[in-house]
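The values are calculated or read from the model by the stated rules, or taken from the named source; none is laboratory data. These numbers were taken from a predicted model, which means no experiment stands behind them. Each accessible area value is taken on the protein alone, full model and side chains, heavy atoms only, with ligands, DNA and RNA left out. Shrake-Rupley method; radii C 1.70, N 1.55, O 1.52, S 1.80 Å.
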Amino acid sequence: MLDTESHNGVTVRPRREEDLNEAARILVTVHEADGYPVEGVDRPEQWLNAPGMISAWVAELDGHIVGHVAVGSATTEEVQGILHERRMPADNPAFLMRLFVSPDARRRSIGERLVAAAVDFAKEQGLSLLLDVMAKDEAAIRLYERLGWQQIGESSHSFGDDEAVPAFWYLAPGR
């Protein structure tokens with residue numbers, strides 16, 4: 001993927017430091033509409049700069065940020081265990097994370113384009129891209145499955161004061 005790619009008025013490009021304020025504002029809007037994410041909304045800029053983040057992209061429409069995605073390192077024992085259990089290659093695992101699109105900008109394939117940017121990056125870097133998604137996030141699950149991601153396991157997503165919700169693990173297509 002090019003550093004900046006535009007299609008139908010939407011531009012997907014690498015995230016810059018000056019994008020954080022607007023991306024954080026959109027994240028709060030997404031949380032209010034969808035309940036995603038379940039944590040980090042009280043410190044959205046910090047949540048967007050997750051520990052282990054390797055790279056991030058934003059989507060712009062009419063000069064305004066309308067979406068975000070990141071790729072981060074995945075070295076947790078849980079990830080290694082799931083890959084080993086499924087007899088899948090565990091070389092260079094990485095996470096697709098922090099994906100969201102403004103409710104006002106949906107139905108324009110923005111989520112799909114952001115995922116494509118992350119997948120292209122992972123392929124270029126020789127990374128095996130995974131993600132976990134909460135079972136409640138049915139629209140996200142439909143997107144990943146439509147794009148060919150393979151469900152490889154179940155777990156729970158822990159947050160807050162000992163709260164947890166069911167979640168699924170997915171592996172990017174082509175790995």
### Query
Of SER155, SER73, SER102, which has the most accessible area with a 1.4 Å probe, and how do the rest follow in descending order?
SER73, SER155, SER102
### Message
Give me a comma-separated list of calculated 3J(HN,Hα) values for the stretch 26-42, in order, Karplus coefficients 6.51, -1.76, 1.60 applied at θ = phi - 60°, integers in Hz, x for any Gly or Pro.
### Response
5, 4, 4, 4, 5, 4, 5, 7, 10, x, 10, x, 8, 9, x, 6, 6
## Note on the structure
Counting only residues 5 or more apart in sequence or on a different chain, those whose built amide H sits under 5 Å from that of SER155 are ALA167, PHE168, TRP169
#### Entry: Phi-based couplings in Hz for the stretch 93-109 (Karplus 6.51, -1.76, 1.60; Gly and Pro marked x)
x, 9, 9, 7, 8, 6, 8, 7, 9, 3, x, 6, 10, 6, 6, 10, 6
### Query
Expressed as a whole percentage, what fraction of the accessible surface of the chain belongs to carbon and sulfur atoms when a 1.4 Å probe is rolled over the protein heavy atoms?
45 percent
## Note on the structure
Amide H neighbours of ILE54 at under 5 Å, excluding residues fewer than 5 places away on the same chain, with H built from the backbone geometry, are VAL71, GLY72, SER73
## Note on the structure
Rounded to the nearest 5, the percent of DSSP beta bridges in the chain running antiparallel is 90 percent
### Task
Could you pull the Rg and Dmax for the stretch 130-175, using just the Cα atoms, both in Å?
11.2, 37
### Summary
Residue-ordered couplings for the stretch 137-153, obtained by feeding phi - 60° into the Karplus form 6.51 cos²θ - 1.76 cosθ + 1.60 and rounding to whole Hz (Gly and Pro as x), are 8, 4, 5, 5, 4, 4, 4, 4, 5, 5, 7, x, 5, 10, 5, 10, x
### Task
Just the Kirkwood number for the chain, please: inverse of mean 1/r across all distinct Cα pairs, in Å, one decimal.
16.4 Å
